[in-house]
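Colleague: Before we start, here is the structure in question, set down as structure tokens.
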Amino acid sequence: MSSELSAALHDFAGSDPAAAEELLALMTRVHLERGSILFAQGDPGASMYVVARGSLKVTRADAQSRPTILAVLGTGDVFGEMSLLDANDRDATVTAVAATTLLELSRARFDEELGRRPDLVRALLGHLARRLRSSNDTVSDLVFADVPARVARLVVRLGERFGVPAEDGSLVVEHQLTQSELAQLVGSARETVNKALARFAAQGWIDVQQRVITIRDQDRLRAFSS
Ligand code: CMP
């Protein structure tokens with residue numbers, strides 16, 4: 001098994017290669033081109049996924065079809081567990097924003113494993129607890145923080161999750177999102193978010209290019225966001 005796949009399964013299998021191998025044997029590989037929709041909000045769903053490689057966005061639309069992004073996912077992230085567990089329709093649309101490989105676990109397989117794999121159940125519960133913490137952070141930010149602070153926090157979080165250190169000490173974040181999508185993640189208008197990004201750029205904390213943000217002063221950005 002490639003070390004890339006073991007790394008992706010770390011949350012479920014820890015660092016035990018035998019556990020990862022066993023889990024992998026239950027899963028099917030799925031490849032997605034950039035831009036392809038894996039499933040849409042409201043579709044029936046009977047499997048969950050682990051991201052082996054690539055990047056996806058989780059989006060939702062309201063009754064007026066206005067879109068918002070809930071999350072950007074990368075290697076090791078788990079999704080699709082909500083429909084797997086409660087048998088309701090998909091709560092959000094998931095779209096690949098880069099060429100992506102997923103590992104899929106069907107509900108039938110999961111149900112077969114439930115009784116004999118407490119580690120799998122514990123891992124999934126841990127995942128749900130982290131998701132709830134992250135949603136609570138988002139709610140607190142929306143209620144208590146102003147837009148520039150929310151933008152700074154988003155950039156810091158994207159950096160922590162997807163940043164690649166460069167030789168000059170900066171952190172390069174290839175987030176693959178449009179300006180509108182960044183604004184949706186913050187819950188504000190594109191112009192307001194652009195203004196905040198331009199302000200951080202003018203202060204020398206970041207550089208903004210299309211679909212890439214380079215973080216030059218993470219400490220200042222972090223201090224500003226809290
Ligand atoms: P499911 O409802 O099966 O399909 C859509 C998936 O999007 C859902 O499972 C979760 O895995 C994922 N999802 C829903 N809400 C969020 C969120 N706030 N942050 C990250 N992922 C989410």
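The values are calculated or read from the model by the stated rules, or taken from the named source; none is laboratory data. Computed from a prediction, not measured in an experiment: that's the story for all the values here. Methodologically, a virtual Cβ is constructed for each residue, glycine included, from the backbone with ideal geometry; neighbour enumeration extends over all protein chains shown. To get the accessible areas, we keep the full protein, side chains included, count just its heavy atoms, and leave off ligands, DNA and RNA. Shrake-Rupley method; radii C 1.70, N 1.55, O 1.52, S 1.80 Å.
Colleague: Below 8 Å between Cα atoms, with a sequence gap of 6+, how large is the relative contact order for the stretch 145-225 in percent? Don't jump to the answer; show the numbers that get you there.
Modeller: Details: 113 pairs, mean separation 30.2, N = 81.
Worked out over the stretch 145-225, it gives 37 percent.
Colleague: Lys and Arg at +1, Asp and Glu at -1: add these up for the other residues within a Cβ distance under 15 Å of ALA92 and post the number. It would help to have the intermediate numbers written out before the result.
Modeller: Numbers: positive: LYS57, ARG60, ARG66, ARG90, ARG131; negative: ASP43, ASP62, ASP77, GLU81, ASP86, ASP89, ASP91, GLU181.
Value of the local net charge: -3.
Colleague: Computing the accessible area with a 1.4 Å probe over protein heavy atoms, can you report the carbon and sulfur percentage for the stretch 3-141? Display every interim value, and only then the final one.
Modeller: Details: 3770 of 7160 Å².
Roughly 53 percent of what the probe reaches on the stretch 3-141 is carbon or sulfur.
Colleague: For VAL147, what charge total do you get from the other residues with a beta carbon under 13 Å from its beta carbon, if Lys and Arg give +1 and Asp and Glu give -1?
Modeller: Working: positive: ARG150, ARG153, ARG190, LYS195, ARG199; negative: ASP141, ASP146, GLU191.
Value of the local net charge: +2.
Colleague: Can you give me the relative contact order of the chain as a percent, contacts being Cα pairs under 8 Å and 6 or more apart?
Modeller: Details: 384 pairs, mean separation 41.5, N = 226.
Taking the mean separation of contacting Cα pairs over the length of the chain, I get 18 percent.
Colleague: If Lys and Arg each add +1 and Asp and Glu each add -1, what is the summed charge of the other residues whose beta carbon sits under 11 Å from the beta carbon of GLY169?
Modeller: On the way: positive: ARG216; negative: GLU167, ASP168, ASP217.
Charge balance near GLY169 sits at -2.
Colleague: Using θ = phi - 60° and the Karplus form 6.51 cos²θ - 1.76 cosθ + 1.60, what ³J(HN,Hα) does each residue of the stretch 104-109 get, whole Hz, x for Gly and Pro?
Modeller: Taking θ as phi minus 60°, the curve returns 10, 10, 7, 4, 4, 5 Hz for the stretch 104-109.
Colleague: Given springs between every Cα pair under 10 Å in a Gaussian network model of the chain, which of GLU191, GLU174, GLU104 has the largest fluctuation?
Modeller: Among GLU191, GLU174, GLU104, the largest mean-square fluctuation in the Gaussian network model of the chain belongs to GLU191.
Colleague: To the nearest 500 deg cm²/dmol, what mean residue ellipticity at 222 nm is calculated for the chain from DSSP H runs of n ≥ 4 alone, each contributing -39,500 (n - 2.57), summed and divided by the residues? All intermediate terms of the calculation are to be shown ahead of the outcome.
Modeller: Numbers: 10 runs with 105 residues, N = 226.
Only helices count here, giving -14000 deg cm²/dmol.
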